[in-house]
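**Student:** Let me give you the structure first, and then I'll get to my questions.
Every number here is computed from the coordinates shown, using simple stated rules; none is lab data. In this text the structure is predicted, and so the values were computed from the model without any measurement. No Cβ is skipped: glycine too gets one built from the backbone with ideal geometry, and neighbour counts run over all protein chains shown.
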Amino acid sequence: MDNAGSPITLPLDREVIRMHNSHTYYGARLGVGHQRAMIDGNITADACIIGAGLAGLATALELARAGLDVVILEAAHVGFGASGRNGGFVGPAWSQRLDNLSQTVGEDHAAKLYRLSLEGVEIVSRNIKQLEIPQLELTRGKLSVARTPSRDAFLRRRDRLRNEFGQNVEVWDTEQVRAVLKTSRYFQALYYPDDFQINPLAYARGLAMTLEQMGGKIFERSRVKRIDRERNHLKLNTESGSVTTSQLVIATGGYTDGLIKGLQRSFIPISTYIMLTEARPELIGKAIATPFGIGDQRRAGDYYRLVDGGTRILWGGRITTRISEPRQLAKILHRTMSDTFPQLEALKVDYAWSGLMGYARHLMPQIRQIEKNVWSCTSFGGHGINTTAIGGTVLAEAILHKSDRLQMFKPFGLDWNGGPFGRAAVQATYWWMQARDKFAERMWFAADTGA
Ligand SMILES: Cc1cc2nc3c(=O)[nH]c(=O)nc-3n(C[C@H](O)[C@H](O)[C@H](O)COP(=O)(O)OP(=O)(O)OC[C@H]3O[C@@H](n4cnc5c(N)ncnc54)[C@H](O)[C@@H]3O)c2cc1C
């Protein structure tokens, strides 16, 4: 891993910290980076993308590769949103599970979507290889661990993924898992050798640099406040300037505001949290002895991995519909970690942060045309690194009339999110799932120990 062992420090200016994700491990590790100008005056472009997260960057890159003159307008800076502050886990699948997709769109359609998600992983891998993005801190391999005995279910899943999708998957037994993850909370695991983990802010910045090298333009601190529809053009207005364009892509993720009627009402912004522990490799080694990324099988369960040369834990989990960051954030995550690994109770937290994900009710991204020459590429939920890559590709293909793969996303529309009732329902569903998971673990513990 690059930068292993070197200290990470926070810049002191609060505004710099907020704007540049410096309160996250990634921002602290990479520094403020290249700063871009605000837009000044009116410019024209073939296509304009709102949002410089992975969805906007992926779409812009594909359009620029086809020779279009592309501009991105970003309210904060490249990777400011979920894209620059996520867990960095890259693997196939969508936020909606394959089984649930099969029920809603049928087996064949669901399988095609799953293959697209695999293609998304390939796109990210190819970008990493070809673009030579620095400071990615790439690690390979992921263990998806069970908190109740799941051998038979795992064997079935392994067989399906291997036979139907040619995916490289193994089942680990409980002893093998506990040899590297020293907790009695875990049982079997699915091991995915081809999954990998990265510093997502470094990746987003790498894509942005590539786009600019190809002639694309990115303006930062340039929030789009109003869209004017003119004859055959759209004019996007910010405080300091405007872009006149013939194609507009909205890629504003969980930060989507009321710019486009209907879009804000069609998703729910969901907060999720990550913390970074202090560097204490000897203590950490008593709990976690693997460089693989770890995720547990619960919906919105824990995920974590060793970073900074294996000296710290980056630990994420929990979701809430409350958008403001809780003051006790570090404490909440620390409690979750020491519940799984009591031996890490003394491990202190250096950083904790939150990010917003966009979730539609169908849990699938909204990749579609929303009106003439206006497209959405939003709501990638908690599984966005691979899916934004394929989402941007498929959307660019539609704009360029190169394929009709966009049709695969037709069933996932802009249905109303249910307003405050929708939010309450999401929060209640999460609490219900948490309670159900805890109950299943307790029942198993009681049956196993006779308690
Ligand atoms: C804490 C956390 C952990 C996660 N972990 C993982 C993981 O390990 N693996 C994984 O695959 N996925 C993960 N995800 C999900 C993934 O990060 C997202 O799905 C993905 O980054 C979404 O990308 P995006 O480009 O759609 O949105 P974002 O990255 O949020 O970008 C949207 C951008 O739009 C800008 N914007 C909004 N409104 C305007 C406007 N009016 N004008 C101009 N700009 C505007 C915002 O400033 C923002 O930069 C995680 C998410 C979070 C929050």
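**Student:** Magnitude of the Cβ-charge dipole of segment 323-395, K/R +1 and D/E -1, about the Cα centre, nearest 20 debye?
**Tutor:** Charge dipole, segment 323-395, about its Cα centre: 200 debye, nearest 20.
**Student:** Can you tell me the Rg and Dmax of the chain, counting just the alpha carbons, in angstroms?
**Tutor:** Answer for the chain, Rg first and Dmax second: 21.6, 74 Å.
**Student:** Quick check: net charge around His362, other residues with Cβ under 15 Å of its Cβ, Lys/Arg +1 and Asp/Glu -1?
**Tutor:** +3
**Student:** Another question about this same structure. Around Asp99, under 13 Å between beta carbons, what's the net of Lys plus Arg minus Asp minus Glu among the other residues? Walk me through the intermediate numbers first.
**Tutor:** On the way: positive: Arg97, Arg156, Arg157, Arg160, Arg299; negative: Glu107, Glu164.
Result for the local shell: +3.
**Student:** Could you order the peptides 60-68, 77-85, 336-344 from most to least packed, using the average number of other C-beta atoms within 10 Å per residue?
**Tutor:** Descending packing order for the listed peptides: 77-85, 60-68, 336-344.
**Student:** What percent does the relative contact order of the chain come to when contacts are Cα pairs within less than 8 Å and at least six residues apart?
**Tutor:** Reported relative contact order: 22 percent.
**Student:** With each pseudo-label sitting 7 Å past Cα toward Cβ, what's the Glu119-Met214 distance in nm, one decimal?
**Tutor:** Here the modelled spin labels are 1.7 nm apart.
**Student:** Regarding segment 288-343, what is the average projected area of its C-alpha convex hull, in nm²?
**Tutor:** On the way: hull surface 18.7 nm².
Taking the Cα atoms of segment 288-343, their convex hull projects to 4.7 nm² on average.
**Student:** Are any of the pairs Lys217/Lys372; Lys286/Lys348; Lys182/Lys331; Lys235/Lys410 more than 19 Å apart by Cα-Cα distance, and if so, which? Please report the intermediate quantities before stating the final value.
**Tutor:** On the way: Lys217/Lys372 24 Å; Lys286/Lys348 15 Å; Lys182/Lys331 22 Å; Lys235/Lys410 27 Å.
Correct reply: Lys217/Lys372; Lys182/Lys331; Lys235/Lys410.
**Student:** Now for a separate question. Using the Cα centre of the chain as the reference point, and only Cβ charges (+1 on K/R, -1 on D/E), how large is the resulting charge dipole? Debye, rounded to the nearest 20.
**Tutor:** The calculation lands at about 900 debye.
**Student:** Next question, about the same structure. For a quick protection proxy, order the peptides 268-278, 96-106, 205-215, 222-232 by their average other-Cβ count within 10 Å, most packed first.
**Tutor:** Ranked by mean Cβ neighbours within 10 Å, highest first: 268-278, 205-215, 96-106, 222-232.
**Student:** Report, ordered by chain and residue number, the aspartates and glutamates lying within cross-link reach of Lys142, taken as a straight Cα distance under 12 Å and ignoring same-chain residues fewer than 8 apart.
**Tutor:** List returned: Glu170, Asp194, Asp195, Asp296.
**Student:** For segment 93-232, divide the Cα radius of gyration by the Kirkwood radius and give the resulting Rg/Rh value with two decimals.
**Tutor:** 1.10
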